[in-house]
């Protein structure tokens, strides 16, 4: 599955950075990129009207206007694999691990409807990936509003469709990911070795986030912080040490301020309750993408949590994405050739269990 593609971007040597190698092959893997499923959108129109749901409907009048225009602007990138491949070449990306657009989780739907639309999305994604199996792998979606149906679709994704994992939201219709009802999902994901890519979809308490696109700028990192914290403090990471969880957007705010949790763990028994190790010990088990925009912030994540826990991501094709992901990694001070290669592709290859054919 690894190969060398003819990038239109400058070569590593031309750009003044070390080449990324797998034997005699070069590769870069993007863990964080999206595709919209048009058949699912069409299927769910009536369901959305029935429950009063409207995607991307939060924010000021200007935010709504910008969002709607962006959907029009990026539609060719969502729909055309040729345009996607051209953009990948331009960015120097060899392989995308494609997941659905976050507004297509559909956790708000009835369980059976959620199952059906998840199957439509996953079948559509499988078809797209199959057309260029040397360039794409898939992270599916599952109907987490019903645990039994979610587990069944997870198994289908991994065992039948050949997906590498699933993308999920940071909460499920108000339920935290650490909810006891979701325990079978995490157990099955651990058993299957499936990657869980947690990508937020706004923020659950947006009252103060209306203006300035705060719902994304601040809401996404806060939501990720809450999700990670519940997975740690409610014992999910303790009970399932083999989980492979990737957090989008550099893990939100928590990785930069974990010391406060550890201090509270030592100072207060209500923080230690049921947790045999300090919170930061569990935080080190998560993987974080490079979607932090600044090399200094990326350097902090690398030094704090280790280069082996960092994966390259772009958030393609959105305006909040990174158009030069390899360049961002190359601007990190003091990064060894080995760590550079690991972050750009090696870590993702291991996590996704990609094999060289």
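Each reported figure results from applying straightforward, stated rules to the coordinates on display, with no laboratory input. Bear in mind that the values here come from a model prediction, so they are computed numbers and not experimental data. All Cβ positions, even for glycine, are placed from backbone atoms using ideal geometry, and neighbour counts span all protein chains on display.
Details
- Protection proxy ranking, highest mean first, for peptides 189-197, 295-303: 189-197, 295-303, where packing is the per-residue count of other beta-carbon atoms within 10 Å, averaged.
- Rounded to 5, percent antiparallel among DSSP beta bridges of the chain: 10 percent
- With neighbours defined as other Cβ atoms within 10 Å of a residue's Cβ, the residues 82, 289 order from fewest to most as 82, 289.
- Comparing 205, 249, 34 in a Gaussian network model of the chain (Cα springs below 10 Å), the most mobile by mean-square fluctuation is 205.
- Each residue in 72, 312 was given a count of other beta-carbon atoms within 10 angstrom of its own, and listing them fewest first yields 72, 312.
- Shape call, segment 260-357: gyration tensor on alpha carbons, a/c limit 1.5: prolate
- Highest-fluctuation residue, 74, 142, 168 considered, GNM on the chain with Cα pairs under 10 Å: 74
- Extension gain for the segment residue 273 to residue 336, taken as residue separation times 0.36 nm less the Cα-Cα distance, is 18.7 nm to one decimal.
- Only helices enter the 222 nm calculation for the chain: every DSSP H run of n ≥ 4 contributes -39,500 (n - 2.57), and dividing by all residues gives -12500 deg cm²/dmol, rounded to 500.
- Among 69, 309, 145, the residue with the largest mean-square fluctuation in a Gaussian network model of the chain, with springs joining Cα atoms closer than 10 Å, is 69.
- When the alpha carbon gyration tensor of segment 87-160 is reduced to an equivalent ellipsoid, its three semi-axes come out at 26, 13, 9 angstrom, largest first.
- Among (i) 20.5, 62; (ii) 25.5, 93; (iii) 19.6, 57, the entry that matches Rg and Dmax of the Cα atoms in Å as calculated here: (iii)
- For 151, 113, order by how many other beta-carbon atoms lie within 10 Å, fewest first: 113, 151
- In nm, spacing of pseudo-spin labels at residue 281 and residue 160 (7 Å Cα→C-beta vector): 4.1 nm
- The modelled label-to-label distance for the pair residue 187/residue 110, using points 7 Å beyond Cα in the direction of Cβ, is 2.9 nm.
- The protection proxy used here, the mean number of other Cβ atoms lying within 10 Å of each residue, ranks peptides 270-278, 152-160, 102-110, 89-97 as follows, highest first: 89-97, 102-110, 152-160, 270-278.
- Gyration tensor verdict on segment 211-268 (Cα atoms; rounded if a/c is under 1.5, prolate if a/b is larger than b/c, oblate otherwise): oblate
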